[in-house]
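Trainee: Here it is: the structure, laid out below.
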């Protein structure tokens, strides 16, 4: 037997450094290497198959390649806007397309990206501005937000091509922003919307610019942004990190105005930037602020399908998720929650972030994506009907159609990752994963699995010579009876929610097999009233009226087995446009007092529920429970 101890994530001892308040933008100073190095790094080459691979392929073909990129650039040529957010769409589409290209580098996508970024740079003015706002409205509304996305797109393509013209264009755009703010004596957090969070989320590309240019003007500007957060007019993203995200500020008179301090997407975007700043400053306050906020979001906002928000804001939604909620679970929020967790996973290696990503990915994210990958729902309810989001700003697209693929195409790069000690298996997705080992030889890991439909994942190694290193495998927090073997020998000491860390001399043909506990779990929400739902592995199950049986809104109670789990029987789904279908036994009240009736009811995976986008597929996740005064 192979004996392991559960892996405890090593705490990084951090020494705080003073923040330079000079704000000097006129001279460059010598810089040091990044203070914090990520624990995990993407592999060199990934090719995924199975259900997840098919979803990536669908988005690649029908969303990424199908986009009319010229239409996204057109507003930058005219610069007549005063209030809308057309300028975000190019950067969102472009950054997702770059992720898609890194995953599958095809010449046709390369040509599209080259052409599109060339068209964008051609719109840059002599003073460095790239945007669509007329001159007297610059810095207002969504102008800085749009500049952020342009910088992110330019930097993403620079990282692929190493062509300095893209870095130069991003630098000129950043320089223009810094100069314009100074010239107008403008306070960044007073610009735009949502207590300055939309505008000051520009922190992320500013720090990325610093890491690529080593120009300390950008580091000074980044630190100044964070100082402004803590000013009387700022969103207090550091000092209020211990406060629930929906309670940091009073309810605003104008929901989408400047006073709104609970805007979910913009808040998390700012925290993504703060993590980038943490990497280069090693200021522990920055990491603590993000981790504390993450805990509040997970505990109070993230619902059973792995996302949250109502009317695009935090609202302490965990205890309200069984109700019909207005504009629930914006896809921009879902994608950004995944991206924020990916940042934290890269930094720390902590499997709790992989758990959060997996739940969100298989449920909220895939639930918002159309079956052919061409479009995305703007909101994804847990009860009712799915709808396709309409266009915004006359652009033939909306923010969520642009954001969805940004979450989707992070998955290949986080499924298996490289660490200093070896490799970490975060997700169980069939495919081929290639990278360099710690001794710098080529190695391929091949995953064979039908997870999460099935329970078993095989990971086989292929490399030229034997080598000693560590492979860590995530044991999902819900998998209480997981089994792990190496070449048929059991691995002891598995603890759900941790990593099984296996250190040995590996050789070609070695095989790791993980069998996860896929028993149905009954999830209870509330006490009086109460609701119940069913999960199987990371997948939420739902009722859909296409499956027949009692009315979808009837009161039903899942019948647990003697161990408290819910027995699920797979059902052939070939005649249904659904990924997974299961049958389970539920209890219903009888007309005679004290009597109940039991019978089978069919459930499908949440991502498939409601996908006719009309009243033929009314669905629900949470099942109402009767109030019983006798109990």
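Just so you know, all these numbers are worked out from the coordinates, no wet-lab data involved. The model shown is predicted, which means the values in this text are computed figures rather than measured ones. We place every Cβ from the backbone using ideal geometry, glycine too, and count neighbours over all the protein chains shown.
Trainee: Where in the stretch 415-458 does the label zone of residue 481 land, with the point 7 angstrom along Cα→C-beta and an amide N cut-off under 20 Å?
Mentor: Answer for this model: 450-458.
Trainee: Calculate the spin-label point distance for residue 448 paired with residue 575, positioning each point 7 Å from the Cα along the beta-carbon direction, and give it in nanometres.
Mentor: 3.3 nm
Trainee: Which order do the peptides 554-566, 228-240 come out in when sorted by mean C-beta neighbours inside 10 angstrom, highest first?
Mentor: 228-240, 554-566
Trainee: Please give the length that would be gained between residue 243 and residue 122 if that part of the chain were fully extended, namely 0.36 nm times their separation in residues minus their C-alpha to C-alpha distance (nm, one decimal).
Mentor: The span from residue 243 to residue 122 would gain 39.1 nm if fully extended.
Trainee: Sort 269-276, 493-500 for me by packing, meaning the mean count of neighbouring Cβ atoms within 10 Å per residue, highest on top.
Mentor: 269-276, 493-500
Trainee: What does the stretch 127-194 give for Rg and for Dmax, in Å, if only its C-alpha atoms count?
Mentor: Every Cα atom of the stretch 127-194 included, Rg and Dmax give 12.5, 37 Å.
Trainee: When the Cα centres of the stretch 240-263 and the stretch 525-597 are compared, how far apart do they sit, in Å?
Mentor: Their Cα centres are 37 Å away from one another.
Trainee: If you wrap a convex hull around the alpha carbons of the stretch 45-200, what volume per residue comes out, as a whole number of Å³?
Mentor: Roughly 116 Å³ of hull volume per residue.
Trainee: Next up: If you average over every viewing direction, what projected area does the convex hull of the Cα atoms of the chain give, in nm²?
Mentor: 29.5 nm²
Trainee: Further, regarding this structure: If r is the Cβ-Cβ distance from residue 631 to residue 41 and R0 is 51 Å, what FRET efficiency results, to the nearest 0.05?
Mentor: 0.45
Trainee: To continue, here is another question. In nm, what is the difference between 0.36 nm times the number of residues separating residue 624 and residue 179 and their Cα-Cα distance?
Mentor: In short, 154.5 nm is gained.
Trainee: Further question: Based on Cα coordinates alone, diagonalise the gyration tensor for the stretch 424-580, multiply each eigenvalue by 5, take square roots, and list the semi-axes in whole Å, largest first. Don't jump to the answer; show the numbers that get you there.
Mentor: Values: eigenvalues 291, 64, 29 Å².
Over the Cα atoms of the stretch 424-580, the ellipsoid semi-axes are 38, 18, 12 Å.
Trainee: Also, I was wondering about something else. Any number yet on Rg/Rh for the stretch 417-515, C-alpha, Kirkwood?
Mentor: 0.94
Trainee: While we're here: When you take every Cα atom in the stretch 257-298, what is the radius of gyration, and what is Dmax, the widest Cα pair distance, in Å?
Mentor: Cα-based Rg and Dmax for the stretch 257-298 come out at 11.2, 34 Å.
Trainee: If I take R0 = 60 Å and measure r between the Cβ atoms of residue 54 and residue 136 in this structure, what FRET efficiency does the formula 1/(1 + (r/R0)^6) give, to the nearest 0.05?
Mentor: Efficiency, from the Cβ-Cβ distance: 0.75.
Trainee: Related question: Can you give me the Cα centroid spacing of the stretch 356-404 and the stretch 140-160 in angstrom?
Mentor: 22 Å
Trainee: If I model a spin label at residue 468 and residue 613 as a point 7 Å from the Cα along the Cα→Cβ vector, what separation in nanometres do I get?
Mentor: That separation, rounded to one decimal, is 5.8 nm.
Trainee: Of the peptides 146-159, 425-438, 255-268, how do they stack up when ordered by the mean number of other Cβ atoms within 10 Å, highest first?
Mentor: Numbers: 146-159: 24.8, 425-438: 20.2, 255-268: 21.9.
Descending mean neighbour count gives 146-159, 255-268, 425-438.
Trainee: How large are Rg and Dmax for the stretch 526-604 when calculated on the C-alpha trace, in angstrom?
Mentor: Final numbers for Rg and Dmax: 13.3, 41 Å.
Trainee: Could I ask something else about it? On alpha-carbon atoms, Rg over Rh for the stretch 231-358 using Kirkwood Rh?
Mentor: Working: Rg = 14.1 Å, Rh = 14.9 Å.
Answer for the stretch 231-358: 0.95.
Trainee: Taking R0 as 41 Å, what's the FRET efficiency between residue 596 and residue 489 from their Cβ-Cβ distance, rounded to 0.05?
Mentor: Once the sixth-power term is evaluated, E becomes 0.30.
Trainee: So, one more: Taking the Cα-to-Cβ direction at residue 111 and at residue 551 and moving 7 Å from each Cα, how far apart do the two end points lie in nm?
Mentor: Between residue 111 and residue 551, the simple spin-label model gives 5.7 nm.
Trainee: A further question follows. Which residues does the label zone of residue 231 cover in the stretch 155-189, counting backbone N under 20 Å from a point 7 Å along Cα→Cβ?
Mentor: Within reach of a label on residue 231: 174-189.
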